[in-house]
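Here the structure comes first, spelled out in structure tokens, and everything after it is commentary.
The values are calculated or read from the model by the stated rules, or taken from the named source; none is laboratory data. It should be emphasised that the depicted structure is a prediction, and the values quoted were computed from it without experimental measurement. We place every Cβ from the backbone using ideal geometry, glycine too, and count neighbours over all the protein chains shown.
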Amino acid sequence: MAKPARPTFVCQNCGAVYSRWAGRCASCEEWNTFVEESDLGVSPPGTGLAGLSRGRAVPLEPLSGSTETVQRLPTGITELDRVTGGGIVPGSALLIGGEPGIGKSTLLLQLAASLGAAGQRVVYFSGEEAVAQVRLRADRLGLAGAPVALASETNLANILATLSEGQRPDLV
């Protein structure tokens with residue numbers, strides 16, 4: 001019989017994970033920021049795909065065929081619009097990668113601010129930086145007044161719960 005999932009304690013300020021609760025986070029030194037989380041749904045090490053539930057087969061289609069023209073959301077950033085083929089496809093995921101310090105977070109903040117200023121509802125979740133750090137960057141870039149909702153969170157369940165409340169955003 002499998003052992004029950006052990007709870008972990010995650011700092012809601014910096015995302016540090018610990019095996020036991022503490023009053024003060026050793027990473028960011030903030031008080032009372034821990035939330036208990038469990039590793040439900042994770043297969044034990046070494047079980048591979050055996051621990052996953054069976055899904056359903058999906059129909060396969062040929063690569064050739066007719067497609068609909070997709071309306072893209074222009075970002076207002078000329079070079080980003082160029083490399084994305086004219087803007088972001090609604091409902092898609094866009095992966096921005098690069099070396100540390102190259103400007104990924106800055107680009108995404110500029111994107112969020114540009115779309116927010118264009119009337120889109122934008123929610124910005126930072127998985128690496130605290131809200132205060134993102135605000136400082138926005139101040140430096142002159143974007144502090146942009147209508148962007150901001151949070152620092154790494155837990156997907158918490159992000160989805162947050163997004164399920166209120167009006168659906170156009171960009172996350």
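For ALA113, the criteria (1) surrounded by 15 or more Cβ atoms within 10 Å (Cβ to Cβ); (2) not in a helix (DSSP H, G or I) hold in every case but one, which is (2). Listed by first and then second residue, the pairs with beta-carbon distance under 8 Å, at least 6 apart or on different chains, first residue in region 144-172 and free of Cβ contacts under 8 Å to residues at least 12 places away in the same chain, second surrounded by fewer than 16 Cβ atoms within 10 Å (Cβ to Cβ) and part of a helix (DSSP H, G or I), are ALA144/ARG135. Only one of the numbered conditions (1) surrounded by fewer than 11 Cβ atoms within 10 Å (Cβ to Cβ); (2) closer than 30 Å to THR8 by Cβ; (3) of a type outside the set (A, V, I, L, M, F, W, C) is violated by GLU68, and that is (2). The residue list LEU80, LEU95 contains one member that is out of contact with any helix residue (DSSP H, G or I) (no Cβ under 6 Å at 6 or more places or on another chain) and part of a loop (DSSP other than H, G, I, E, B), which is LEU95.
Does VAL122 meet the test of being β-branched (Val, Ile, Thr) and either modelled with pLDDT of 95 or more or in contact with a helix residue (DSSP H, G or I) (Cβ under 6 Å, 6 or more places away or on another chain) (or both)? Yes; evaluated as a whole, the condition is true for this residue. Checking the structure you have, find out if any residue of region 84-91 is closer than 24 Å to CYS14 by Cα, outside the structural domain of VAL10 (by TED's automatic domain parsing), surrounded by fewer than 16 Cβ atoms within 10 Å (Cβ to Cβ) and not hydrophobic (A, V, I, L, M, F, W, C). Scanning region 84-91 turns up no residue that is closer than 24 Å to CYS14 by Cα, outside the structural domain of VAL10 (by TED's automatic domain parsing), surrounded by fewer than 16 Cβ atoms within 10 Å (Cβ to Cβ) and not hydrophobic (A, V, I, L, M, F, W, C). If the condition is being in contact (Cβ under 8 Å) with a residue 12 or more places away in the chain, within 14 Å of SER105 (Cβ to Cβ) and not charged (D, E, K, R), then region 120-135 contributes TYR124, PHE125, SER126, GLY127, ALA130, VAL131, VAL134.
In this structure, ARG121 does not satisfy being more than 27 Å from VAL70 (Cα to Cα) and surrounded by 11 or more Cβ atoms within 10 Å (Cβ to Cβ).
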